[in-house]
């Protein structure tokens, strides 16, 4: 019996919100019993009922699906982490079956080559969710002239000038934040994450390099204005007044609702599955996804060490994720060493590892540069955020204050 289909249906019983998200239609399943069962699930969902073992036991013809024991067996095959992969597999198998059917019919009825190709093409375009009637389309925009447009406003970056230039982080857009190591990338990302959380969004951080404990410690240091070195032994090193601030810092950070995933080598499919799950846990908060960093994302295919193809696949799937979830994706990237050999060490597009596809797919590219990083005696605490690509606006450089001891980022306009 088809294991992928068992895992697929089991996952739907375990987390019925997936039924809304899935591309699979009942008729694309191979096993007749599975087709029927999925049809029933769709009917129950349409009627506003939950899909779980309890509601499925009320089916009048439960026995024809193998009864309660078969449903329990399906549930044991559920695997939410791998749901995206299972879907893909089922679609591939369905395409193979369809292809064979078409070729058989073509041979029996002596079809023209052009007709065979047209029919085969149809299978490949079988995106199931791309249908909108004009009625639905018009219904959606009927009230527009009298409504404020919420979607054009991006997620604030907490840096006024940067918001002016980029409009904040926009839904469906990918921002690449790139710099040399130790330039402050992670601090800037955590700053963006905090600000977006306080603004009512749901910041999801996929940290492929830094463990959660270190991220939490950095968040506390930058929010409380504590020197990072003190975080190694707060009891001994923090002053009394800093200890008195501790509870407030905790309370403030808790309000961001930030979610941290620190597994190494996550794939975009895994990030999608985790994002989807959290979107259902926090239905009133729109997600914003932060990934640290690009070349640590695992690809599903092995490209025989061809880094360029690997980066291309990753950057395309980040863009798809931003569009599918209609949320901003901010991904960090390392720059290669070529920067160091130039007199002017401010980064350029060509400094991004395997930059071709990233340059194309990203909507916004930000580089970070600190003079003090290269000149140890410099008193200059500023950090330049260089907007090098901006699909919907101007490019240019924005200067912010950066405290490398606490990791805090502050708008230059802010006075204390």
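The values are calculated or read from the model by the stated rules, or taken from the named source; none is laboratory data. Keep in mind that this is a model prediction, so the values were computed, not measured. FYI the Cβ positions are ideal-geometry reconstructions off the backbone, even for glycines, and counts take in every protein chain you see.
Specify the residue that is nearest to the chain's Cα centre (by Cα); the eligible residues are those in the range 325-348 that are surrounded by 15 or more Cβ atoms within 10 Å (Cβ to Cβ) and outside any loop (DSSP other than H, G, I, E, B).
The residue in question is 329.
Here's the yes/no breakdown for (1) assigned to a helix (DSSP H, G or I); (2) in the same structural domain as residue 202 (by TED's automatic domain parsing); (3) farther than 19 Å from residue 193 by Cα:
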residue: 372; (1), (2), (3): yes, yes, yes
residue: 377; (1), (2), (3): no, yes, yes
residue: 385; (1), (2), (3): no, yes, no
residue: 401; (1), (2), (3): no, yes, no
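For the structure I just gave you, tell me whether residue 96 is assigned by TED's automatic domain parsing to the domain that holds residue 26 and at pLDDT below 90.
Spelling it out, it is not the case that residue 96 is assigned by TED's automatic domain parsing to the domain that holds residue 26 and at pLDDT below 90.
Going through the range 163-180 one residue at a time, which ones are within 27 Å of residue 381 (Cα to Cα) and in contact with a strand residue (DSSP E or B) (Cβ under 7 Å, 6 or more places away or on another chain)?
Once the filter is applied, which keeps residues that are within 27 Å of residue 381 (Cα to Cα) and in contact with a strand residue (DSSP E or B) (Cβ under 7 Å, 6 or more places away or on another chain), the range 163-180 yields 165, 166, 168, 169, 175, 176, 177, 178, 179, 180.
Please specify each residue of the range 5-23 satisfying the condition of being under 16 Å from residue 79 (Cα atoms) and not in a helix (DSSP H, G or I).
Correct list: 15, 16, 17, 22.
How many residues does the range 256-288 contain that are part of a loop (DSSP other than H, G, I, E, B) and either in contact with a strand residue (DSSP E or B) (Cβ under 7 Å, 6 or more places away or on another chain) or touching a residue at least 40 places away in the same chain (Cβ under 8 Å) (or both)?
Looking only at that region, the number is 11.
Within the range 238-255, take every residue that is more than 26 Å from the chain's Cα centre (by Cα) and in a loop (DSSP other than H, G, I, E, B) and give me the one that is surrounded by the most Cβ atoms within 10 Å (Cβ to Cβ).
Here the residue is 238.
Pairs please, first residue from the range 221-237 and assigned by TED's automatic domain parsing to the domain that holds residue 251, second anywhere and part of a loop (DSSP other than H, G, I, E, B) and modelled with pLDDT under 90, Cβ atoms under 6 Å, 6+ apart in sequence or on different chains.
Final answer for the pair search is 227/405; 230/238.
Determine which member of the set 315, 338, 388 is in contact with a helix residue (DSSP H, G or I) (Cβ under 7 Å, 6 or more places away or on another chain) and under 17 Å from residue 291 (Cβ atoms).
Checking each option against the conditions leaves just 315.
With 285, 272 as the choices, which residue is modelled with pLDDT under 90, surrounded by fewer than 21 Cβ atoms within 10 Å (Cβ to Cβ) and assigned by TED's automatic domain parsing to the domain that holds residue 368?
Unique residue meeting the criteria: 272.
Out of all the residues in the range 374-392, which are closer than 18 Å to residue 348 by Cα and in contact (Cβ under 8 Å) with a residue 40 or more places away in the chain?
Across the range 374-392, the qualifying residues are 383, 385, 386, 387, 388, 389, 390, 391.
If residue 365 meets every condition in (1) part of a strand (DSSP E or B); (2) over 25 Å from residue 171 (Cβ atoms); (3) in contact (Cβ under 8 Å) with a residue 24 or more places away in the chain apart from one, which number is that one?
For residue 365, the exception is condition (2).
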